[in-house]
Amino acid sequence: MNMLRLSIAAIVTALSLVFVQVQIHMNSLASTNSVEQDEIQSTIEAYFENRYRGMSILQLEGFENLTEQLSDGDTFLSAELDKLEIEIQHAKYNRLRYSQYEFFLNFKSLSINTLTQVATVSVVEGHDVVFEISEVISPVDPIISSMRNLEHTIVLHKVQGEWKIVSDYYEDYLWRLIRATGLSADELLQSMIESQNQPLSENGIQIVTSCSLPADESTHPYNRSGAVVYAHRWATAAPPYNHPPYDDFTNLGGDCTNFVSQAIHEGGNAPMVYYSDCGENCVGTLGWFYVDVNHRANAWNNVTALHDFINQYLVWPRPGIDDPDGPGGPEGCDVSKDSAHHGDIIQYEWEGGAVWDHSVIIVDSLDMGNGDMYHLVAGHTPDVDNYPFNLFNYGDASKIYRFIRIERIDGYVLVYLPLDIKNSGGTAMSQPQPVYQNPYPAPMENIQEPVQMSPYPAP
């Protein structure tokens, strides 16, 4: 099969992944007995090894010897195994088996109650994975998909001299979906079986192959490559993983759309659209802009609002905007899956209703033959880069996508300068890339003290 890459190449190094490798970082563990610490670490490491090995062989790996055989531990184990079974079946249907993997554990804190013999551990997970589909797409140089910054709170209990896991709380994409839909494991599994041969849902949206926008002399091309460069740079960055001055919305409903808006603005050459007379607090106002967490448009960080803003090119700018003839931001429309390209947006609706739940930005589009496009995406909550786009859908209740094409940008052109971007391996890629001159100085106000800014992208 002749595979044609239609977008810019993802900025990755040629990593040498071993089949199983774990990296443990001990940053600031609380003072405790080194033997206890080692035992707890060993239990948690084995727990993650079992999870990853299960995704590599597509079989459930037993955790019984690692979990407490009491009510709390059994409840956790049952729920986790149900979730892993869903992941395994989904991987089988979509060729998402882990062909190669490397995972990372960063232990942030450990506390032990010596009276109850209960330990609470804060650990951050990350990984680099070669999915089976990546080897199909690019057998010589498989695509490496990355995830970072997934926080776990793991509780253990010492039982008969051994530390056993009682619970593991974390919020990845599947747990978010399960909690949003309220579906059981059996319901999700049945839904996946029934939906395997069904086409992607269009959710009642009129799908087109291109946007027929009226002529507008105030517009300029969307810098797709710049948006992708920004997405690669910040998708899996260590916290604070949003480029200053943008706040982190992870604990405010999710950071996904905030991140997509950043890429479109900072990298895609799209000026913000401000709304006048917002007063002291202008959260949820019209327009498309960000000053700080208390001064932002709804479209900046809300999934549905961003979609509506981009699609309402005949309406924006509206009366009430500071300059009615000024910038209108990104303009576009909903298109078919095979008409979307790098720099465009994919949104997911998980609950089968009117509320859309998740946004990602396409960083690569690959032709699987006969125009069948396979997309790789970057995003936040979870923090991923070069991830298969269909990894975020499970079954009929969530198999609803919309692909938003950004056709052009309304407003002035920002300033571009040459820039060297370093990839994850430290090799400089010398090519013209934008340094973005933000015409709005207000966003800098939320930085509490001077910080050394990274060279890309400077607001």
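FYI, it's all coordinate maths here, none of it is from the lab. The structure displayed is predicted, hence computed values, not measured ones. Using ideal geometry, Cβ is built from the backbone for each residue, glycine included, and neighbour counts are taken over all protein chains shown.
Assorted remarks:
- Its Cα gyration tensor gives the stretch 47-169 an equivalent ellipsoid. The semi-axes, each the square root of 5 times an eigenvalue, are 31, 17, 10 Å from largest down.
- For the stretch 119-192, the alpha-carbon coordinates run over 50, 31, 22 Å along the three principal axes, in decreasing order.
- Using the Karplus relation 6.51 cos²θ - 1.76 cosθ + 1.60 with θ = phi - 60°, the per-residue 3J(HN,Hα) values for the stretch 108-113 come to 8, 7, 9, 10, 10, 8 Hz, with x marking Gly and Pro.
- Near the amide H of Ser138, within less than 5 Å, lie the amide hydrogens of Ile143, all on another chain or at least 5 residues away, with H placed in the peptide plane.
- Here the calculated FRET efficiency for Val159 and Ala215, from their Cβ-Cβ distance with R0 = 60 Å, stands at 0.25, rounded to the nearest 0.05.
- Shown for Asp334, Asp74: other C-beta atoms within 10 Å of each C-beta, ranked fewest to most, produce the order Asp74, Asp334.
- Cβ-based exposure ranking for His232, His157, in which fewest neighbours within 10 Å come first: His157, His232
- Net charge, Ser99 excluded, C-beta distance under 11 Å - Lys, Arg +1, Asp, Glu -1: 0
- Among Tyr101, Tyr169, the ranking by other beta carbons within 10 Å of each residue's beta carbon, starting with the fewest, stands as Tyr169, Tyr101.
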